[in-house]
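S.K.: Supplied in C-alpha cells, the structure appears directly below.
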Amino acid sequence: MHIEKHPVLGRQLHKPVTIYFNDQPYQAYTQQSVAAALMANGIKKLGVTRKLVQSRGLFCSRGRCCSCYMTIEGEDHVRSCMTEVEDGMRIYPNMDDPEVRRDIDED
Amino acid sequence: MKTDVLIIGGGPAGLSTAIETASRGLDVTIVDEASKLGGQLNQQTQALRPLPSLYESMRGFELANKLIEQIKDYNVRQLLNHRVVGFYADGSAGITDEENVFPVNAKKIIVASGAAEKAVAFPKWTLPGIMTIGAAQTLINRDFVMPGREAVIVGSSDFAMETAIQLMDVGIRVKAIIEKQSGALAKEQEKVRELSRSGIPFYFNSFIKEARGNGQVEQIDVALPDDVITLNVDLVCMDGGRAPILDVLYQLGCSFGFQEELGGWIPQYNNRFQTDREDVFIAGNAAGISTHGPLLLTGMIAGISASEELQAISALEAHEIREALWKELELLEDKEMHSGRVKHLEKFANPVLKDQFIY
Ligand code: FES
C-alpha cells in the first residue's frame with residue numbers, strides 16, 4: 001500500500017507512473033525505488049537465492065546487501081532498492097543465474 | 001577529472017566536510033551512490049539532538065535540506081548515482097556512473113562512507129518481509145510505502161524505539177518488541193514508556209526462534225524465558241546495530257586498529273582525522289559509529305585539516321578551530337565512545353601493529 005498522506009511529511013506522492021512486473025502493470029510514483037514500489041503492490045519476493053533457491057526480498061534498502069537484485073530494463077542483477085521507477089519500466093525477478101555469455105550486441 | 005578534494009559519501013559528515021573545504025575556496029567533488037545528497041538523514045523524521053551549537057534542533061530531513069542548501073553557494077561538484085570502484089596506480093579514484101568508469105584525480109580524499117546495519121540471524125531470517133529497522137524507516141518516510149501491516153521489532157535501541165513509533169504513526173500494528181537483554185537498551189526511556197503505554201508488550205530475555213512463510217514472512221516463533229509463542233506478522237524489523245563501511249579505506253591501504261567502542265575495526269587516524277595515508281582523511285560513522293552531532297563535528301575537523309594542508313587556511317587558525325571542535329565533540333559524544341576515540345588516537349602515534357591485514 002502507498003502512504004497517501006504521511007503524518008509528518010503530508011502528501012508526497014504526486015506523479016503516478018506505470019511499471020511492469022512480469023509483464024503485469026502496477027502503479028508506482030516517481031522517486032520511489034523499484035523494490036519499494038513493488039512492495040506497495042504486495043510484491044515482496046524479488047527473486048530466489050542461487051544456491052538454496054530461497055525467496056529474497058528487500059533487506060537493507062541501502063544498496064549494501066544485494067538481496068534485492070532484479071532484472072530491470074533488460075539488465076540483470078540490478079539493485080532494485082537503489083533504482084528509481086520510470087514510466088513503462090519493465091521489471092523481472094532474478095530466479096536463476098544471469099546468462100553471462102549473452103552476446104552484448106544481441107539486443 | 002581533477003579536483004582539490006574528493007569526498008566519498010554525501011551524508012551528514014560528507015556534507016559538513018564539504019562546507020568546510022568549499023567555503024574556503026577549494027574545488028570540491030562529492031560522490032554518492034544515492035540519487036540525492038543527505039544520506040540517511042533524508043528519511044529521518046525524528047528530532048535530532050544534540051547538534052553542534054551552529055545548528056538549532058531539527059528533524060533529520062530538515063538537516064539534510066539545510067546542509068544541501070549551504071553547499072549550493074560554493075564550488076561543489078555532485079556525482080550522484082556514482083560509486084567509487086577502486087583506485088588507479090597513480091592514486092586517482094576510479095568512479096563509475098554504472099556504465100562507464102573514469103578517473104578522478106584529487107589532491108585530498110575525505111572518506112565519509114557511513115555505516116551499514118547488521119543483521120540478527122535466526123532460522124529463515126532471510127525471508128522477504130524481514131528487514132533492518134533502517135529499511136523499514138526508508139520505506140515509510142522516503143518511498144511512502146507500507147512495508148507491512150503487523151510487525152515485530154527485534155531490539156530496543158533508541159533507533160528501534162523511534163522506528164516503532166514511526167511505524168505506528170503510519171498505521172502499522174506493532175505486536176511486540178523482542179529484546180534478548182533483560183531490559184530496554186534505549187537511552188531515551190520516555191520512548192519506551194510511550195510504547196508500553198500504548199499497549200505494546202516488551203518481551204525481554206527473548207529472541208526469535210524461527211520465522212516461517214511461503215515466499216514471505218507470515219509467522220514467527222518467539223522464545224520467551226519460559227514459553228514459546230507464535231505471532232502472525234508480515235513484517236519483522238531487526239536492529240543488529242551498525243558497522244562502519246570501510247571498503248574504500250581497505251583499497252586505499254590505510255592501517256587499521258580495533259576499537260570496540262567505535263564499532264570494531266576502523267582506520268587509524270590522528271586528531272586531524274587524517275589516516276596514515278597522508279592524503280586521506282576520514283569523517284563520520286566510518287571513523288567510528290556515533291550520533292548526529294558528532295558526525296557533523298568529525299566532518300568539520302576533517303575538512304579544516306584538509307583545507308590547512310591545501311593552504312586554504314593558516315595553520316594557526318586551523319589549530320584554533322580544531323581545538324574548539326574537539327571540545328564540542330567531547331561535550332556531545334557519549335562518554336564511553338569519546339574515551340574510545342581518544343584511545344584510538346593514541347594508537348595512531350604508537351601503532352602496535354602495522355600492515356596487520358593479510359591482503
Ligand atoms: S535491499 Fe539491500 S541492496 Fe537492496
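Derivation of every value follows stated rules applied to the coordinates shown; laboratory data play no part. From a predicted model like this one, the values you see are computed outputs, not experimental measurements. Note: ideal-geometry Cβ built from the backbone for every residue, glycine included; neighbour counts use all protein chains shown.
S.K.: Rounded to the nearest 0.05, what FRET efficiency do B:Val85 and B:Glu194 have when you use their Cβ-Cβ distance and R0 = 41 Å? List each step's numbers first, then the result.
M.R.: Numbers: r = 44 Å, r/R0 = 1.08.
It comes out at approximately 0.40.
S.K.: Using a Gaussian network model of chain B whose springs link C-alpha atoms within less than 10 Å, name the residue from B:Gly14, B:Gly299, B:Gly148 with the highest mean-square fluctuation.
M.R.: Most flexible of the set in this elastic network: B:Gly148.
S.K.: Considering only DSSP beta bridges where both residues belong to chain B, give the percentage that are antiparallel (nearest 5). Don't jump to the answer; show the numbers that get you there.
M.R.: Working: 30 of 62 bridges.
So the antiparallel bridges amount to about 50 percent of the total.
S.K.: Aspartates and glutamates near B:Lys2 by alpha-carbon distance under 18 Å, same-chain residues fewer than 8 away left out - which ones?
M.R.: Partners found: B:Asp27, B:Asp32, B:Asp90, B:Asp97, B:Asp279, B:Glu309.
S.K.: Convex hull volume of the Cα atoms in the protein assembly as shown, per residue, in Å³? Mind showing how you got there, number by number?
M.R.: Numbers: hull volume 75.4 nm³, N = 466.
So the per-residue Cα hull volume is 162 Å³.
S.K.: Where does chain B land at 222 nm, in deg cm²/dmol rounded to the nearest 500, when only DSSP H runs of n ≥ 4 count, each adding -39500 (n - 2.57), divided by all residues?
M.R.: Working: 9 runs with 106 residues, N = 359.
My calculation for chain B gives -9000 deg cm²/dmol from helical runs alone.
S.K.: Springs between alpha-carbon atoms under 10 Å, Gaussian network over chain B: tell me which of B:Gly39, B:Gly60, B:Gly129 tops the mean-square fluctuations.
M.R.: Among B:Gly39, B:Gly60, B:Gly129, the largest mean-square fluctuation in the Gaussian network model of chain B belongs to B:Gly129.
S.K.: From other protein chains only, count the Cβ atoms within 10 Å of every residue's Cβ in B:113-123, then give the mean. Intermediate results must be reported in sequence, preceding the final value.
M.R.: Working: counts 0, 2, 2, 5, 6, 1, 3, 0, 0, 0, 0.
Averaged over the peptide's residues, the number is 2.
S.K.: Based on alpha-carbon centroids, what's the gap between the range B:79-110 and the range B:13-65 in Å, whole number please?
M.R.: One Cα centre to the other: 22 Å.
S.K.: Next question, about the same structure. Students often get this wrong, so check it: of A:Lys44/B:Lys180; B:Lys66/B:Lys118; A:Lys44/B:Lys118, which have C-alpha atoms separated by over 24 Å? Please list the in-between numbers first.
M.R.: Working: A:Lys44/B:Lys180 28 Å; B:Lys66/B:Lys118 29 Å; A:Lys44/B:Lys118 21 Å.
Over 24 Å Cα-Cα: A:Lys44/B:Lys180; B:Lys66/B:Lys118.
S.K.: If one computes the Cα centroid of the range B:140-159 and of the range A:1-49, what distance in Å separates the two points?
M.R.: Value for the Cα centre distance between the two parts: 16 Å.
S.K.: Computed on alpha carbon atoms, what radius of gyration and Dmax characterise chain B, expressed in Å?
M.R.: Both quantities, over Cα of chain B: 21.4, 66 Å.
S.K.: Go ahead and run the numbers for FRET between B:Glu150 and B:Tyr74, Cβ-Cβ distance against an R0 of 41 Å, rounding to 0.05. Working shown, then result.
M.R.: Working: r = 47 Å, r/R0 = 1.16.
That pair, B:Glu150 with B:Tyr74, gives E of 0.30.
S.K.: Now, a different point. For n ≥ 4 DSSP H runs only, could you compute -39500 (n - 2.57) per run for chain A, divide by its residues and tell me the 222 nm figure to the nearest 500? List each step's numbers first, then the result.
M.R.: On the way: 1 runs with 7 residues, N = 107.
My calculation for chain A gives -1500 deg cm²/dmol from helical runs alone.
S.K.: While we're on this one: Using a 10 Å cut-off around each Cβ, can you sort B:Thr298, B:Thr45, B:Thr96 from fewest to most neighbouring Cβ atoms? Walk me through the intermediate numbers first.
M.R.: Values: B:Thr298 31, B:Thr45 20, B:Thr96 17.
Least crowded to most crowded, the residues run B:Thr96, B:Thr45, B:Thr298.
S.K.: What FRET efficiency comes out for B:Val101 versus B:Trp265 if R0 is 41 angstrom and r is the Cβ-Cβ distance? Round to the nearest 0.05. List each step's numbers first, then the result.
M.R.: Details: r = 28 Å, r/R0 = 0.68.
The calculated FRET efficiency here is 0.90.
S.K.: Hand me the trypsin sites (Lys or Arg not before Pro) from the range A:21-107 located in a DSSP loop with no more than 15 other Cβ atoms within 10 Å, in residue order please.
M.R.: Working: sites: A:Lys44, A:Lys45, A:Arg50, A:Lys51, A:Arg56, A:Arg62, A:Arg64, A:Arg79, A:Arg90, A:Arg101, A:Arg102; in loops: A:Lys44, A:Lys45, A:Arg50, A:Lys51, A:Arg62, A:Arg64, A:Arg101, A:Arg102.
Counting only loop positions with at most 15 other Cβ atoms within 10 Å, the trypsin sites (Lys or Arg not before Pro) in the range A:21-107 are A:Arg50, A:Lys51, A:Arg101, A:Arg102.
S.K.: Hey, another quick one. Given the Cα atoms of the range B:242-285, and with Rh set as the inverse mean 1/r over their pairs in the Kirkwood sense, what is Rg to Rh to two decimals? Walk me through the numbers before you get to the answer.
M.R.: Working: Rg = 9.7 Å, Rh = 10.6 Å.
With Rh from the inverse mean 1/r over Cα pairs, Rg/Rh is 0.92.
S.K.: To make sure I understand the rule: partners must be lysines, Cα under 19 Å from the Cα of A:Lys51, and not fewer than 8 residues away in the same chain. Which ones qualify?
M.R.: B:Lys124
S.K.: Please report, in whole Å³, the volume per residue of the convex hull around the C-alpha atoms of the range B:11-155. Could the numbers behind the result be given before it?
M.R.: Numbers: hull volume 22.5 nm³, N = 145.
Spread over its residues, the Cα hull of the range B:11-155 gives 156 Å³ apiece.
S.K.: May I pose another question? With a cap of 16 neighbouring Cβ atoms within 10 Å, and only residues DSSP puts in a loop, list the trypsin sites (Lys or Arg not before Pro) found in the range B:103-134.
M.R.: Working: sites: B:Lys107, B:Lys108, B:Lys118, B:Lys124; in loops: B:Lys118, B:Lys124.
Those that pass, being in a loop and sparsely packed, are B:Lys118, B:Lys124.
S.K.: Over 10 Å intervals from 0, what percent of Cα-Cα pairs in chain A sits in each interval?
M.R.: Result, from short to long distances: 15, 45, 30, 8, 2 percent.
S.K.: Here is a further query. Taking K and R as +1 and D and E as -1, what net charge do the other residues with C-beta under 10 Å from the C-beta of B:Phe144 add up to? Display every interim value, and only then the final one.
M.R.: On the way: positive: A:Lys5, A:Arg11, B:Arg142; negative: A:Glu4, B:Asp143.
Residues close to B:Phe144 contribute a combined charge of +1.
S.K.: A further question follows. Which trypsin sites (Lys or Arg not before Pro) from the range B:177-236 combine a DSSP loop assignment with at most 13 other Cβ atoms within 10 Å? Don't jump to the answer; show the numbers that get you there.
M.R.: Values: sites: B:Lys180, B:Lys187, B:Lys191, B:Arg193, B:Arg197, B:Lys209, B:Arg212; in loops: B:Lys180, B:Lys187.
Qualifying residues, ordered by number: B:Lys187.
S.K.: Can I ask one more? Can you tell which of B:Ala324, B:Ala64, B:Ala115 shows the greatest fluctuation in a Gaussian network model of chain B with Cα springs below 10 Å?
M.R.: Residue with maximal mean-square fluctuation among B:Ala324, B:Ala64, B:Ala115: B:Ala324.
S.K.: Among the lysines, select those whose C-alpha is under 17 Å from the C-alpha of A:Lys15, and discard any that sit fewer than 8 residues away in the same chain.
M.R.: Cross-link targets: A:Lys5.
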